Structure formats: structure tokens, C-alpha cells
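The next block holds one structure in the form of C-alpha cells; read it before the comments.
The values are calculated or read from the model by the stated rules, or taken from the named source; none is laboratory data. Keep in mind that what you see is a predicted model, and the values were worked out from it rather than measured. Cβ coordinates were reconstructed from backbone atoms using ideal geometry, including for glycine residues, and neighbour counts include every protein chain displayed. Ligands, DNA and RNA are stripped out before the accessible areas are found, and what is left, the full protein with its side chains, is counted by its heavy atoms. Shrake-Rupley method; radii C 1.70, N 1.55, O 1.52, S 1.80 Å.
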Amino acid sequence: MTSHLKKVELHCHLEGAAPPALTAAQAQKYGVDISAELRDGAYVWHDFASFLECYDKVSEVYRTEEDYALLTETYLDELAGIDTIYSELIVSPDHGKRIGLGADAYISGICEGIRRAKEKSGIEARLIVTGERHFGPESVIGAAEYAAKAANPLITGFNLAGEERRGRVADYARAFDIARDAGLGLTIHAGEVCGAFSVADALDAVRPSRIGHGVRAIEDLDLVTRLADLGTVLEICPGSNIALGVFPDFASHPLRRLKEAGVRVTISSDDPPFFHTSLKREYELAAGTFGFSDAEIDAMTRTAIEAAFVDDETQKALLARL
Ligand SMILES: Nc1ncnc2[nH]cnc12
Ligand SMILES: [Zn+2]
């Protein structure tokens, strides 16, 4: 049981958190046939590439500022309901542009959702703008420029997500320079679909303070030592890793081994309904399946607050709430 524990989430894609029932209602509202991607209340995909396609199709039924406010508020309300005090949402202003809503309206709807949720429960949230590897370096640079120029106090981080097998991290280094110069926190999806080399790439080309997943670093024990020495924080999403087949089962998942090797680890849900999970379940897995004590789980939550892309005052306030 982890219901008595305070929770923090650093790694969740906003559209990836869309509840299937809400997506079905949105699809009906816009007359979109989503039957190939949403069946019997569950999202349908069969491998990483088809997951990304399904994700994009689901995202298409969120079209207006109000749609985004509602989606954000709905997810943050769910998190607040399980005693989550802080959430970082991975968002894609590029997606807002692609669907014709526009990046500003997309972000403004999301910020309205954050405002509504915070008013009800006090949950604190920040946004990590992401570029998608499969749209190429120019589009990722565009996302970084948008995040840098937005001067929006809720946009505090920059990420690289999408098809990890497309290009190498160095191809996207310029985008991270732009984000770093703007004072944004940096994190990169690496070591999820690709192996340890991809995590080493991220450290060599960008050296972010955090890495999304990073779990396949376990394939190279020198790299694990490097992560521990650097204090790089891993945003680990065990349910996602099992659903996507990164590891065959929880028994072979390296969360505990990474922690025991001194790597700073945290737990998140990634794209919860796509992977039949939730932040609640991830905490339950940490306690039950991985056998962590309450104190060990609290320590991971503390690590997440320490690694959060927030100002010192907010960080102190969050630590005080733990
Ligand atoms: N797990 C994941 N890996 C890479 N890109 C993503 N976009 C949404 N979820 C993702
Ligand atoms: Zn992710």
C-alpha cells in the first residue's frame, strides 16, 4: 500500500495521459473515426513505432485551447487524488502548430488546466517542452527556440522524445544549447528503445541533469558507474518498459540494480493509459513487485523533487510537504 505516501512525477507526456473515455468523447465530438486506435476502452498498438502512431492519432482529437485545459486539469486532478504534490508534463507546442491550433494557444490551454487544478488541490506543475526525433533536427531546434522565447514561468525544461532509432543525440545538440542558454532544465529520452550507447551519447553530447528512462544503461556497467558519479537522475517508468517489451518482465527490470549501484532513480508513468498503468500503480509496483520500503520510496520522491525543474523556493516548499 502506498496510498499514504506523497508522490511526485517527472515524466509524463500530456497527450499520453489522455483517458480513453475522454478521447472517445473527443473523437465523437469531432467526428473522427478512432476505432483502429481505441477499442473496448483501451488504446491499440503492437510495437514502439505503432505506439507512436497511435499516440499521434489520439493527440489529434484534442484540438482547442479548452480541450487542452480539460485534458490537463483531468490528469492533474487524478494525480492530486493520489496525493501527488508535483508533476512535470511533457508537452509539444509543435503538435499545437501541426493541428492548426498554434503553439501559443496550445500552451495557454495547458496553463489554464494547471491553474484550475492547482486552485482545487494545490498541486504544483511545470511544463517540459519536447522535440520529437522523428521530425528531424530542424523541428527540434524550432521547439527549443519556442521554449526559449516563450518566457513562460511554467515552461522550465526541454526534452527530446520520439523515435530513438532516428539519428544520434549529437544531431540534436544545437537544440539543447538553445534550451540551456535560456536557463531551461535538460532531459533526454535515451536507453529505452536503443541500448547503452544511446545513454552514453546523451552524456557525451549534452550531459543533461536527467535522462528519460536510461534503463538500458544496465547493459554497460562502466556507464552505470558514470551515471552514478555524475549524479544523473533517471526518470524510470517500469510499467512503460514492460508494456513496450524493453524488458520481458519486472523480475528482469533493472530499477533495483541501478539504485543499488548508486544511480539516482525516480519513478513515473510515461503514457499511463497506453501502458495500462498509472502513477498510483507505479508506486504500488515499487513497493510490491520491487520490494522497496516506504523510506526507500520516499527517498526516490525526494530525489525527484531535488531534480525537479523548479526555482529554489518552490523546491523547498515541496520538500517541506514530503
Ligand atoms: N515512451 C516514449 N518514448 C519516446 N517518445 C515518446 N513519446 C511519448 N511516449 C514516448
Ligand atoms: Zn517518455
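Only one of GLU296, GLU260, GLU313 is free of Cβ contacts under 8 Å to residues at least 60 places away in the same chain, under 20 Å from ILE128 (Cα atoms) and open to solvent by 10 Å² or more (accessible area, probe 1.4 Å); which? Within the list GLU296, GLU260, GLU313, the selection yields GLU313.
Check SER50, SER59 and return the single one that is farther than 19 Å from THR130 by Cβ, of a type in the set (S, T, N, Q) and within 15 Å of ligand 1 (Cβ to nearest atom).
Working: SER59 fails: farther than 19 Å from THR130 by Cβ.
Of SER50, SER59, the one residue that is farther than 19 Å from THR130 by Cβ, of a type in the set (S, T, N, Q) and within 15 Å of ligand 1 (Cβ to nearest atom) is SER50.
With hydroxyl-bearing (Ser, Thr, Tyr), free of Cβ contacts under 8 Å to residues at least 40 places away in the same chain and out of contact with any Phe, Trp or Tyr (no Cβ under 7 Å at 6 or more places or on another chain) as the only criterion, which of SER269, SER209, SER278, SER252 stands out?
Details: SER269 fails: free of Cβ contacts under 8 Å to residues at least 40 places away in the same chain; SER209 fails: free of Cβ contacts under 8 Å to residues at least 40 places away in the same chain; SER278 fails: free of Cβ contacts under 8 Å to residues at least 40 places away in the same chain.
Matching residue, one of SER269, SER209, SER278, SER252: SER252.
Among the conditions (1) part of a loop (DSSP other than H, G, I, E, B); (2) at pLDDT 95 or above, the only one that GLY167 does not satisfy is (2). Restricting the range 1-16 to residues that are in a strand (DSSP E or B) and of a type outside the set (A, V, I, L, M, F, W, C) leaves a set whose member that is nearest to ligand 1 (Cβ to nearest atom) is HIS13.
For every residue, the table says whether it meets (1) touching a residue at least 40 places away in the same chain (Cβ under 8 Å); (2) within 16 Å of ligand 1 (Cβ to nearest atom).
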position: LEU127; (1), (2): no, yes
position: PHE135; (1), (2): yes, yes
position: SER139; (1), (2): yes, yes
position: PRO153; (1), (2): no, no
position: PHE158; (1), (2): no, yes
position: ARG168; (1), (2): no, yes
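PHE48 passes every criterion in (1) open to solvent by less than 50 Å² (accessible area, probe 1.4 Å); (2) of a type in the set (Phe, Trp, Tyr); (3) more than 16 Å from ligand 2 (Cβ to nearest atom) apart from (3). If the condition is being open to solvent by 20 Å² or more (accessible area, probe 1.4 Å) and within 14 Å of ligand 1 (Cβ to nearest atom), then the range 263-275 contributes only PRO273. Can you find even one residue in the range 227-244 that is closer than 16 Å to LEU10 by Cα, more than 14 Å from ligand 2 (Cβ to nearest atom) and open to solvent by 30 Å² or more (accessible area, probe 1.4 Å)? Within the range 227-244 (the criterion being closer than 16 Å to LEU10 by Cα, more than 14 Å from ligand 2 (Cβ to nearest atom) and open to solvent by 30 Å² or more (accessible area, probe 1.4 Å)), the answer is no, since none of the residues qualifies.
Of the residues that make up the range 184-193, is at least one open to solvent by 20 Å² or more (accessible area, probe 1.4 Å), under 30 Å from ILE242 (Cα atoms) and either out of contact with any strand residue (DSSP E or B) (no Cβ under 6 Å at 6 or more places or on another chain) or within 16 Å of ligand 2 (Cβ to nearest atom) (or both)? For the range 184-193, residues open to solvent by 20 Å² or more (accessible area, probe 1.4 Å), under 30 Å from ILE242 (Cα atoms) and either out of contact with any strand residue (DSSP E or B) (no Cβ under 6 Å at 6 or more places or on another chain) or within 16 Å of ligand 2 (Cβ to nearest atom) (or both): present. Whether any residue in the range 76-95 is within 26 Å of LEU160 (Cβ to Cβ), open to solvent by 10 Å² or more (accessible area, probe 1.4 Å) and among the β-branched types (Val, Ile, Thr) is what I want to check. Taking every residue of the range 76-95 in turn, none turns out to be within 26 Å of LEU160 (Cβ to Cβ), open to solvent by 10 Å² or more (accessible area, probe 1.4 Å) and among the β-branched types (Val, Ile, Thr).
Going by the conditions given, is ALA25 open to solvent by 10 Å² or more (accessible area, probe 1.4 Å), hydrophobic (A, V, I, L, M, F, W, C) and more than 21 Å from the chain's Cα centre (by Cα)?
yes
Which one of these does ALA286 not meet: (1) in contact (Cβ under 8 Å) with a residue 60 or more places away in the chain; (2) within 16 Å of ligand 1 (Cβ to nearest atom)? Failing condition for ALA286: (2). When residues in the range 140-151 are screened for being open to solvent by 40 Å² or more (accessible area, probe 1.4 Å) and either part of a loop (DSSP other than H, G, I, E, B) or touching a strand residue (DSSP E or B) at 6+ places or on another chain (Cβ under 6 Å) (or both), 1 of them pass. Across the range 214-226, the qualifying residues are those that are of a type in the set (A, V, I, L, M, F, W, C) and under 19 Å from ASN159 (Cα atoms), and the one among them that is surrounded by the fewest Cβ atoms within 10 Å (Cβ to Cβ) is VAL215. Looking only at residues in the range 21-43 that are touching a strand residue (DSSP E or B) at 6+ places or on another chain (Cβ under 8 Å) and within 16 Å of ligand 1 (Cβ to nearest atom), which one is farthest from GLU163 (Cα to Cα)? Top of the filtered list is THR23.
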